[in-house]
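> Mind looking over this structure? Questions follow.
Derivation of every value follows stated rules applied to the coordinates shown; laboratory data play no part. Since the model is a prediction, treat every value here as computed from it, not as a measurement. Glycine also receives a Cβ, built like all others from the backbone with ideal geometry; neighbour counts cover every protein chain displayed.
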Amino acid sequence: MDIARSGSVKRFAAHPAIKKTDTPASSATPDIPHKPHPAAQRAHKKAAAKKPAPAKEVSAKQVKDAAIAAALDSSRETKTKKPKESKKVWRWSRRSTIIAAFVFVLLGGAFITYLNLPSLSVAIAANQSGVDATYPKYVPDGYGLSQPVTFADGEVGLTFTSNAGTGEYKITQSESSWDSTAVLENVVREAAGDNYVINQERGLTIYTYDGNAAWVNGGILYAIESDAPLSGDQIRRIATSL
């Protein structure tokens, strides 16, 4: 649509200006800042002081390393402290056991030596004399070996005395090449004539006379000289126990 302008209109009037009016001041009272009560402030400070420190983040590796370190420390304490105490107790226990065993062995050895002293004495004398002398396995009740055992070259003598003081008897063992007949002729008949008794015991020919006796066995001449009241049976038992 075309709008024709009038030729008589020279200009348009300006738009009326709009007068600004000042906004009247508000009659409301301004806000007063809020102040907390002193009691509330003290309570707030106490709560802040008790509030735990924020937890630090720990990585999985740190947790693992800490666990390993704790295990190692525990292992070291077990190896260093407890074993020392047990080792000390074990040392004392071992030392006491050794001492007790040593005393036991010493006493046992002394007792055995005491029991075997006669046999040891005869063994020493036999070694010095060169005669294979022995200690009799049978000794009549009430008699004991009188020390020391005597010996000479090729001869050992054992003297047994009565505990009741009723006499003693002596066993002499000497090297000899005689047989039973030679013993009869050279020892028995020279001492007792025909007043003797012959006993056969365990392959031995034992001549007894006046409480004495003589026989030969294995190249050793055995003789018993006695002023003690020994019976014929006791003499035979002594002879067969040598």
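> Place the peptides 140-147, 193-200, 91-98 in order of packing, highest mean first, counting for every residue the other Cβ atoms within 10 Å and averaging per peptide.
Order by mean packing, descending: 140-147, 193-200, 91-98.
> Separate question: Please sort 184-191, 155-162 by packing, taking for each peptide the average over its residues of neighbouring beta carbons within 10 angstrom, highest first.
Output ranking for 184-191, 155-162: 155-162, 184-191.
> Evaluate E = 1/(1 + (r/R0)^6) for I98 and E175, where r is the Cβ-Cβ distance and R0 equals 30 Å; express this FRET efficiency to the nearest 0.05.
Efficiency for this residue pair is about 0.05.
> When only Cα pairs under 8 Å and 6 or more residues apart are kept, what is the percent relative contact order across segment 142-183?
33
> Additional query: Taking +1 at the Cβ of each Lys and Arg and -1 at the Cβ of each Asp and Glu, which of G218, G167, L145 sits farthest along the dipole of segment 114-242 towards its positive end, judged by Cα position relative to the Cα centre?
Of the listed residues, the answer is L145.
> Which shape class applies to segment 123-198: rounded if a/c is under 1.5, otherwise prolate when a/b exceeds b/c and oblate if not, where a ≥ b ≥ c are the square roots of the Cα gyration tensor eigenvalues?
oblate
> Give me a comma-separated list of calculated 3J(HN,Hα) values for segment 163-180, in order, Karplus coefficients 6.51, -1.76, 1.60 applied at θ = phi - 60°, integers in Hz, x for any Gly or Pro.
5, 8, x, 9, x, 8, 9, 10, 10, 10, 10, 9, 5, 7, 9, 6, 9, 5
> Once the other residues with Cβ under 14 Å from the Cβ of F151 are scored (Lys, Arg +1; Asp, Glu -1), what is the net sum?
Result for the local shell: -3.
> Give, as a single signed number, the net charge of other residues whose beta carbon lies under 14 Å from the beta carbon of T240, with Lys and Arg counted +1 and Asp and Glu -1.
+2
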